Amino acid sequence: MKFYIATDHAGFVLKSYVIDLLQDRGHEVVDLGPQNDSRVDYPDFANKCSHAVLEDQGSFGILICGTGIGISIAANKNRGIRAALCHDAYTASMCRAHNDANILCFGERVVGKGVIESMIDAFCNTSFEGGRHSERVAKIECCSIGKID
Ligand code: RB5
């Protein structure tokens, strides 16, 4: 799988851990920054990663901020992005199986390395189930243009 990864300053420390973990498992990883822990705004990096994922069909993203909340909210403003804020292997697996999530988000101040490893494995090893979930995922795009009847 190909991943684009970005963080803000509050997610910066874990970025290299996640990159190593993905590369050890044979995944391709593109680091979209930041390159140091100076203060930055999470929407800028959420958008950078979202645009890369949208332009590279079949790719995925990982976004990390302090809580994972701000960066996931910002990413989800991009139509076609389904950024899932996850806290454990179950949510990381279900966001692929039912929501066809294309970006995994989490908070560096919330989860530790062991949980992150289990979330990444769950995300990578779970496929979208399609079927009734495809119709629901399609309706997400309708929500963003106000057509939900
Ligand atoms: C930065 O202090 C923090 O607000 C940010 O990383 C994130 O947690 C916002 O949702």
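The values are calculated or read from the model by the stated rules, or taken from the named source; none is laboratory data. The model shown is predicted, which means the values in this text are computed figures rather than measured ones. Cβ sites come from the backbone with ideal geometry, for glycine too, and all protein chains shown count toward neighbours. These area figures cover heavy atoms from the full protein model, side chains too; ligands, DNA and RNA do not enter into them. Shrake-Rupley method; radii C 1.70, N 1.55, O 1.52, S 1.80 Å.
Values for this structure:
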quantity: Residue 1, sole failed condition from (1) farther than 19 Å from residue 80 by Cα; (2) surrounded by fewer than 17 Cβ atoms within 10 Å (Cβ to Cβ); calculated: (1)
quantity: Hits in region 71-87 (condition: in contact with a Cys (Cβ under 8 Å, 6 or more places away or on another chain), open to solvent by less than 20 Å² (accessible area, probe 1.4 Å) and within 13 Å of the ligand (Cβ to nearest atom)); calculated: 71, 72, 75, 83
quantity: Lone qualifier among 11, 68, 26, 61 - being open to solvent by less than 20 Å² (accessible area, probe 1.4 Å) and more than 14 Å from the ligand (Cβ to nearest atom); calculated: 61
quantity: Near pairs, Cβ below 8 angstrom, 6+ apart or cross-chain, from region 86-107 (hydroxyl-bearing (Ser, Thr, Tyr)) to any residue that is surrounded by fewer than 21 Cβ atoms within 10 Å (Cβ to Cβ); calculated: 93/125; 93/126
